[in-house]
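No lab work stands behind these numbers, since they all come straight from the coordinates. None of the values given here were measured: they were computed from a predicted structure. Methodologically, a virtual Cβ is constructed for each residue, glycine included, from the backbone with ideal geometry; neighbour enumeration extends over all protein chains shown.
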Amino acid sequence: MSQLKHLLSAADLSKSSAIEILDVAEEMAGVNSRDIKKLPTLRGKTVVNLFFEDSTRTRISFELAEKRLSADVINFSAKGSSVSKGESLKDTAQTLEAMGADAVVIRHHASGAANVLAHSGWINGSIINAGDGTHEHPTQALLDAFTIRRRIYGSESKGKDLSGLKIAIVGDVLHSRVARSNLILLNTLGAQVHLIAPPTLFPAAVDAWPATIRFDLDTAINEVDLDAVMMLRVQGERMNASYFPSEREYSRIWGMNADRLARLKPSALLMHPGPMNRGLEITAAAADSKNSTVLEQVANGVSVRMAVLYQLLSGERTNIDA
Amino acid sequence: MPNLLLKNATLPNGQIADIAIAGDKIVAVAAGLQSDSAGTDATVVDCTGLVALPGFVDLHTHLREPGFEQSETILTGSQSAAAGGFTAVHAMANTMPVQDTAGVVEQVRSLGMAAGYVDVVPVGAVTVGLEGKQLAELGAMADSLAKVRVFSDDGKCVHDPVLMRRALEYVKAFRGVIAQHAQEPRLTEGAQMNEGIVSAELGLTGWPAVAEESIIARDVLLAEHVGSRIHICHLSTAGSVEIVRWAKSRGIQVTAEVTPHHLLLTDELARTYDAVYKVNPPLRTQADVLALRAALVDGTIDIIATDHAPHPIEAKDCEWPAAAFGMLGLEIAANVAQQVLIDSGESNWQRLAEVLSHAPAKIGSLTEQGQEIAAGSFANLVLIDPKQSRVVKDSHSKSENNPYKGLTLPGAVVHTIYRGYQTVANGVLAVKGRN
Amino acid sequence: MTTRTVLSSGDIDRAITRIAHEIVESNHGTKGLTLLGIPTRGILLAERIASVIQRHYPEFDAASSTGKLDITMYRDDLAKNPTRTVSPTSIPAGGIDDAVVVLVDDVLYSGRTIRAALDALNDLGRPSVVRLAVLVDRGHRELPIRADFVGKNLPTSRDERINVQLTENDGETCVVIES
């Protein structure tokens with residue numbers, strides 16, 4: 001496979017490179033299920049988790065992945081550092097470069113921050129986008145694809161794509177980096193994507209996206225033989241900005257509940273990137289059902305991130321962008 | 001300051017003529033002028049193959065002084081303007097302190113005179129501190145030595161309709177004009193780039209075309225209602241063109257400008273997340289670019305204005321949402337105009353002279369700029385070699401937020417003559433100004 | 001490039017049979033025997049050896065006593081080559097604690113692969129004994145490692161290439177030297 005240097009967008013992945021990462025993640029899952037959950041692969045490499053936005057879940061998932069590959073891990077969070085005193089992304093990046101970071105996992109509130117870091121020349125290491133504003137979150141898309149593949153193909157997963165599968169993504173598509181990355185990767189892997197949201201929570205020009213756009217969850221459930229439904233987190237503050245009238249109305253029309261779940265096929269996956277707003281986009285009964293993959297997604301997140309780190313960091317290093 | 005005899009220049013109408021300049025005036029324009037037409041000691045400049053145009057007038061320049069001298073000063077901005085073929089620039093009001101009093105506008109004017117590369121014509125703020133709440137002392141600025149005639153809160157929209165109405169009415173007293181920065185503030189909260197296919201993919205908050213168009217529609221109707229003239233800054237959308245076209249057909253006294261970057265660049269460039277392409281109003285789509293070009297050709301859009309907006313490196317060398325809006329424009333305006341009007345085959349040099357000189361001078365009520373190339377006119381001229389082309393490199397601006405860097409653009413400014421003084425000779429900027 | 005066949009299909013069959021018997025002999029039977037092949041051809045060799053043992057010692061269940069040990073993540077040259085493809089690791093259901101593990105590979109050369117395999121094994125459990133079986137030992141060791149069971153010792157120069165071909169993977173069975 002071609003050597004990837006950065007993972008900034010799900011669009012960086014060809015079908016074969018995506019499948020390769022998912023296959024390596026299968027092996028990593030094997031490591032994660034044994035007693036000694038550690039590989040020496042990244043010994044001597046320094047990985048910085050640069051988090052300008054709170055996200056304990058994503059940060060510890062990356063941290064565990066890095067540590068299981070024996071990398072030296074530094075957590076740099078904007079709140080506990082000089083960034084809050086007005087240090088720029090550039091100064092922070094150059095500081096990390098001076099400290100010899102081999103890779104930077106960045107979470108930032110600005111869309112494109114990971115791209116800027118990768119192409120600015122401030123830093124030579126690999127950049128992994130752990131969520132940039134409302135742009136992308138490619139490792140989330142990879143772990144979602146991994147989860148779907150494992151549930152559907154089980155031990156026969158390796159080498160498989162997701163062609164023919166019908167996946168619905170429901171909720172705040174406009175502000176969701178998870179939705180953007182999933183849309184790209186699911187298309188790369190051959191799945192058919194249905195985006196479902198109130199019209200206010202779609203971006204302008206969404207018709208250009210490779211997906212079926214729907215405003216009604218019930219029709220989608222009735223008309224499409226869905227293999228998986230991904231619920232997106234809905235932020236309460238969207239209500240105040242008049243994206244929808246009330247949480248009650250949102251939940252009634254676009255929320256996942258026991259009734260809607262019962263109309264999905266029994267094998268359908270019910271996915272959520274977490275953290276869930278129980279009672280808003282998903283009811284407790286749905287979240288705790290056998291269809292729910294929420295905890296599998298968390299576990300798979302570590303395996304997939306190990307695979308990504310392996311693919312980006314284990315090979316020969318050059319200064320040429322892949 | 002030697003007198004000048006420009007030999008064999010091509011006038012905008014295509015005729016070839018010599019131009020004799022004595023002091024700050026053109027004294028003769030004709031083919032085969034005697035060598036002493038500009039006096040016996042005149043410098044003779046061979047202008048064979050060069051197109052002579054009236055010196056360019058920019059209705060929309062940010063010179064940043066006073067207050068933001070790390071980005072640009074009146075001197076460096078004037079030099080950049082001269083290098084781009086300009087002989088007058090309107091200095092926008094968003095300085096610190098804001099150009100909202102007679103004192104500040106007179107200071108800007110006198111710094112411009114001291115620099116001596118172009119006429120620096122201050123624009124007055126419409127509202128105190130650009131805050132959109134209370135009218136600034138428009139009359140005092142009009143009566144000052146700076147003789148302000150163009151008023152604008154540029155960078156911010158005068159969005160209060162009542163305040164806008166009053167401003168439009170008030171400036172009639174001294175034949176002033178309000179130059180509106182059309183941006184509905186609520187529709188553009190947090191906006192980063194044109195709202196469309198690209199913004200959806202990039203996850204950058206969209207800036208809908210309607211935020212510009214709704215204000216233009218409102219303001220042309222207000223101007224009609226109160227019988228005032230209005231100027232629309234930096235039109236950027238096809239819809240804005242349609243509204244201005246409609247307003248002109250109704251006889252509303254509206255003029256409109258377009259920037260070089262909106263004539264050339266599109267929102268596809270945002271895919272790089274390079275903040276050098278971040279500008280207000282944002283780069284739009286190719287369809288908008290084509291509509292703006294057509295409108296410039298057919299007269300719906302009256303002028304090209306640069307919206308030259310220098311920023312220091314740190315304001316651009318950062319993540320996109322944190323970056324400042326704006327890009328340089330003074331030194332590529334002529335090139336872009338040539339590409340769009342001449343090389344495209346859509347128009348001619350007379351139109352180019354109109355949109356870069358005659359019309360902006362008229363909108364700004366400047367009597368000594370934008371004149372015909374004729375005996376008796378002030379000697380404000382630019383000579384362009386349309387056959388040269390150049391790869392854009394560094395500019396004379398103090399700032400480097402130049403999105404054209406690396407692009408090849410047609411045409412080159414060979415000479416700029418500002419009130420009889422060569423600010424640019426053979427492509428080289430004069431070391432000192434006119435004084 | 002010249003190619004020379006040094007072991008025929010028959011030679012390889014005989015070597016495998018001999019190794020199988022030597023393994024059982026040295027272990028005084030098949031008790032606790034676990035064969036772990038190192039990808040790619042080591043896996044095939046391990047399977048062949050296991051089936052020979054099963055043929056002669058029916059109490060030995062080849063399927064449940066054979067596994068795969070990928071050593072990619074344990075290599076010491078990861079940073080010197082493009083990213084390597086990872087192969088599956090599968091260990092017999094009973095695990096390898098207290099087992100007699102025989103590592104099986106096609107060619108023993110520098111010893112670095114075996115060093116990585118020992119590290120990998122260490123993370124999987126604690127065998128009572130670890131042995132090494134290889135089809136070809138070509139010399140040029142860089143680490144203090146030796147094989148317990150060798151099909152054929154082949155003195156080579158460093159610029160020669162030993163190419164082990166097995167029918168399951170390569171269409172025919174033979175060992176050739178390319179130089």
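Note on C:80-88: average number of Cβ atoms from other chains within 10 Å of each residue's Cβ is 6.
Kirkwood hydrodynamic radius computed over the stretch A:138-298 comes to 15.6 Å, based on all pairs of distinct alpha carbons. The label point for residue A:298 and the one for residue C:153, both projected 7 Å from the Cα toward the Cβ, are 5.8 nm apart.
The mean number of Cβ atoms from other chains found within 10 Å of a Cβ in peptide B:317-330 is 4, as a whole number. Per the Kirkwood formula applied to alpha carbons, the stretch C:65-113 shows a radius of gyration over Rh ratio, Rg over Rh, of 1.01. Compute the signed sum of charges (Lys and Arg +1, Asp and Glu -1) over the other residues within less than 14 Å, Cβ to Cβ, of residue B:367. Cβ neighbours under 14 Å give a net charge of +2. Among A:115, A:9, A:89, whose Cα lies farthest out toward the positive end of the dipole of the stretch A:1-127, if unit charges sit on the beta carbon of Lys, Arg (+1) and Asp, Glu (-1)? The listed residue farthest towards the positive side: A:89. Taking a label point 7 Å from the Cα of residue A:74 along the Cα→Cβ vector, which residues of the stretch A:27-45 have an amide N closer than 12 Å to it? Label zone hits: none. Here the Kirkwood formula, the inverse mean of 1/r across different C-alpha pairs, assigns the stretch B:304-362 a hydrodynamic radius of 13.3 Å. Taking label positions 7 Å along the Cα-Cβ direction at both residue A:267 and residue B:408, the computed distance is 5.9 nm, reported to one decimal. Taking amide H as placed 1.01 Å from N in the peptide plane, residue B:232 has its amide H under 5 Å from the amide H of B:180, B:255, B:256, B:257, each at least 5 places away in sequence or on another chain.
Across the stretch C:144-161, rounded Karplus estimates of 3J(HN,Hα) from the backbone phi angles (6.51 cos²θ - 1.76 cosθ + 1.60, θ = phi - 60°) give x, 10, 9, 8, 7, 10, 10, x, 7, 8, 10, x, 9, 9, 5, 8, 8, 10 Hz, Gly and Pro being marked x. Taking θ as phi - 60°, what are the ³J(HN,Hα) couplings along the stretch A:281-294 by the Karplus curve (6.51, -1.76, 1.60), each to the nearest whole Hz, with x for Gly and Pro? The phi angles translate into 7, 8, 7, 4, 4, 5, 5, 9, 6, 5, 6, 5, 10, 4 Hz.
Counted over the stretch B:170-234 with a bin width of 5 Å, the fraction of Cα pairs per bin, in whole percents, is 4, 17, 21, 18, 14, 10, 8, 5, 3, 1.
Summing charges over neighbours of residue B:304, with a neighbour being any other residue whose Cβ is under 12 Å away from its Cβ, gives -3 when K and R count +1 and D and E count -1. Two numbers describe the Cα atoms of the stretch B:1-113: Rg and Dmax, which are 18.1, 52 Å. Note that the stretch B:394-435 shows a convex hull volume over its alpha carbon atoms of 96 Å³ per residue. Fraction of C-alpha pairs exceeding 30 angstrom in chain A: 33 percent, rounded to a whole number. Per-residue extension of 0.36 nm, minus the Cα-Cα distance of residue C:93 and residue C:169, leaves a gain of 24.8 nm for this segment.
Size of the stretch B:211-330 from its Cα atoms: along the principal axes, largest to smallest, the extents are 45, 26, 25 Å. Taking every residue in B:201-213 and counting other chain Cβ atoms within 10 Å of its Cβ, the average works out to 4.
Taking other C-beta atoms within 10 angstrom as a stand-in for reagent exposure, B:76, C:85, B:43, B:61 fall in the order C:85, B:43, B:76, B:61, fewest first. The largest-to-smallest principal axis extents of the Cα set in the stretch A:40-196 are 48, 39, 27 Å. If R0 is taken as 30 Å, the Cβ-Cβ distance between residue B:429 and residue A:119 corresponds to a FRET efficiency of 0.35. Here, chain B yields an orientationally averaged convex hull projection of 18.5 nm² when only Cα atoms define the hull. Potential lengthening of the chain between residue A:57 and residue A:223 amounts to 56.3 nm, from the contour at 0.36 nm per residue minus the alpha-carbon distance.
Semi-axes of the equivalent ellipsoid for the protein assembly as shown, computed as √(5λ) from the eigenvalues of its C-alpha gyration tensor and ordered from largest down, come to 71, 34, 22 Å.
The ellipsoid that matches the Cα gyration tensor of chain C has semi-axes, each √(5λ) in whole angstrom, of 25, 21, 14, with the longest given first.
For the cross-link pairs B:133/B:156; B:387/B:432; B:362/B:393, the ones whose C-alpha atoms lie over 23 Å apart are B:387/B:432; B:362/B:393. Could you work out the local net charge near residue A:152, counting Lys and Arg as +1, Asp and Glu as -1, over the other residues with Cβ closer than 9 Å to its Cβ? Summing Lys/Arg as +1 and Asp/Glu as -1 gives +3. Calculated FRET efficiency, residue C:61 to residue A:278, Cβ-Cβ distance, R0 = 51 Å: about 0.55 to the nearest 0.05. Computed from the Cβ-Cβ distance with R0 of 56 Å, the FRET efficiency linking residue C:145 to residue B:313 stands at 0.45. By the Kirkwood approach, averaging reciprocal distances over each pair of separate Cα atoms, the stretch B:101-260 gets a hydrodynamic radius of 16.6 Å.
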